[in-house]
Amino acid sequence: MENMLTGKTAVVTGSGKRSGIGYAVARKLAAEGANVVIADLGVSADPDLMIKTGDESEMADIASEIAQTHRVDTMAVNLDVTSPESISRMVKAIAERFGKIHILVNNAGASFGVPNAVHTYDETAWMKTIDVNLHGVFRVSRGLLPLMILEGGVIINTASRAGKVPALFNGAYAVAKAGVIMLTKVMAAELAGNGVRVNAICPGQIATDLEKWRFGLEAQFFGSTIEEREKEMCKTIPLGRIGKPDEVADLVVFLASDRASYMTGQAINITGGQLMEL
Ligand code: NAI
């Protein structure tokens, strides 16, 4: 499957730190020949978020590393998916540099105000979680689609197993990810006539900062350790282990390529078998 994406330009949101799924996706798309836009917050921390974010210097490093390694064009751009102004700035910068895009991976995501049951959830944190995870996908897609419709393309939205199975004490995230799955289906039906395929991916447990943070919260809650929580989790996964960002990235590359030319409106599980559906 070498160079399936030569001549394409891809935008990957939330790809500005090496420990995340977004970076693995950007790298693997570039390995297939795509130019990539590394889009992330550009700051090292969101004050409401307890996880490292993609900061400007790491984003710039990633962009130059990918350009050198894979001999493609890259660009790093600051993006806050909750800000229409930030999205407009990104769209303008991409239009000036590349003119059009062919692949959009809506990968940015975060949880605020957890752990909390719905009846104790802080309203601002609830709204922000839905804003980043669901409305962010809507806003970024709406902003970039005029650059994609020119030649057709592919959108891959990162949902989650949590969008299909209740994620307890993380309700806003679960609701937002369920919304991402429906948004994917609506967009797939609406955009098919424009030559745009839209699919969602639903990862289970993937080894990133987000996952470590979640095991850390659980360890506090249950009075155990991160290692014990991870071990318990692995017992619920038929393949018996946590997944790797690169494994998710391989699925994204497949969906972005013509190998998936007859697939649209789907929400594909990548969970090591933790979620099996008819
Ligand atoms: P991560 O927390 O390591 O990375 C998320 C990225 O999104 C960071 O680079 C962060 O800076 C960026 N981001 C956060 N808020 C943003 C905003 N307002 N605007 C722009 N960028 C923003 O998370 P990870 O694990 O790499 O997750 C990537 C995607 O996969 C997320 O959508 C997440 O919800 C989803 N996911 C992850 C799973 C896992 O087990 N790690 C499981 C299921 C889904």
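The values are calculated or read from the model by the stated rules, or taken from the named source; none is laboratory data. These figures come from a predicted structure and were not determined experimentally. Positions of Cβ are backbone-derived with ideal geometry, glycine not excepted, and every protein chain shown enters the neighbour counts.
Summary of computed values
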| item | result |
| --- | --- |
| Complete set of residues in the stretch 30-53 that are surrounded by fewer than 24 Cβ atoms within 10 Å (Cβ to Cβ), near the ligand (Cβ under 9 Å from one of its atoms) and of a type outside the set (G, A, S) | V43, D46, L49, I51, K52, T53 |
| In the stretch 207-236, the residues that are under 30 Å from V154 (Cα atoms) and not polar (S, T, N, Q) | A207, D209, L210, E211 |
| Test result for D131, closer than 23 Å to A188 by Cα, modelled with pLDDT of 95 or more and either over 16 Å from the mean Cα position of the chain (by Cα) or surrounded by fewer than 22 Cβ atoms within 10 Å (Cβ to Cβ) (or both) | yes |
| Unique match (being within 12 Å of the ligand (Cβ to nearest atom), under 26 Å from K28 (Cβ atoms) and among the hydroxyl-bearing types (S, T, Y)) among S111, S57, S83, S64 | S111 |
| Helices (runs of 4 or more DSSP H) fully within the stretch 160-278 counting 1 or more residues that are modelled with pLDDT of 95 or more and closer than 28 Å to E32 by Cα | 171-191, 245-256 |
| Selection count, the stretch 1-29, where residues are away from the ligand (no atom under 16 Å from the Cβ) and either within 21 Å of V140 (Cα to Cα) or surrounded by fewer than 23 Cβ atoms within 10 Å (Cβ to Cβ) (or both) | 8 |
| The stretch 187-230, residues that are within 16 Å of the ligand (Cβ to nearest atom), closer than 24 Å to Q266 by Cα and basic (K, R) | none |
| Count - residues of the stretch 166-208 that are at positive phi and either among the aromatic types (F, W, Y) or assigned by TED's automatic domain parsing to the domain that holds F221 (or both) | 1 |
